[in-house]
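Working notes, structure below.
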């Protein structure tokens, strides 16, 4: 009888432990994107993404694309050139990936501002790059999302000038 109780308690404990662990397949954290960790060597990508397809231009290429077996583009990775290369930049291609604060490719500028706050906005020729406070994430917004008077400007753009409804073009995570 005692053995049955112990076995039952152990089984229930394992079930509870497993059910309490959340699925992190599509979670963007400061040091990980889904199963990819900041410290993951490039040589381990086949193991990390064993269920997915990995595409490289060549064996030494810095750019690496990750696709689901069904063909959906998940991530674009850029490797560094260290002696043991790891990933230095991740571009999120699939809207299922969400930051721990709930931001994904379907989010707007207001969502970023509300969840993170804005540290800096950098103006480029065709877009603005938004750097939130306290995060390695950064977001690109096409200038077509901005008012006409700002679309062709290369001058500094302030957060108050960006419409709340401006949609994200790119969502990226940079590790240095």
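How long are the semi-axes of the equivalent ellipsoid of the range 101-176, taking √(5λ) for every eigenvalue λ of the Cα gyration tensor, in whole Å from largest down?
On the way: eigenvalues 72, 34, 25 Å².
Equivalent ellipsoid of the range 101-176: 19, 13, 11 Å, largest first.
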**Q.** Among 102, 134, 70, residue whose mean-square fluctuation peaks in a GNM of the chain (springs only between Cα atoms under 10 Å)
**A.** 70
Q) If you bin the C-alpha pair distances of the chain every 5 Å from 0, what whole percents do you get? A) 1, 7, 15, 16, 15, 13, 11, 8, 5, 3, 2, 2, 1, 1, 0, 0
Q) Helix 2-20 versus the longest principal axis of the chain: what is the Cα-based angle in degrees, 0 to 90, to the nearest 10? A) 10 degrees
Q. Using just the C-alpha positions of the range 24-100 as equal point scatterers, what log10 of I(q)/I(0) does the Debye formula give at each q in 0.15, 0.20, 0.22, 0.23 1/Å?
A. -0.46, -0.84, -1.03, -1.13
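Each reported figure results from applying straightforward, stated rules to the coordinates on display, with no laboratory input. Just so we're clear, the structure is a prediction, and the values are computed from it rather than from any experiment.
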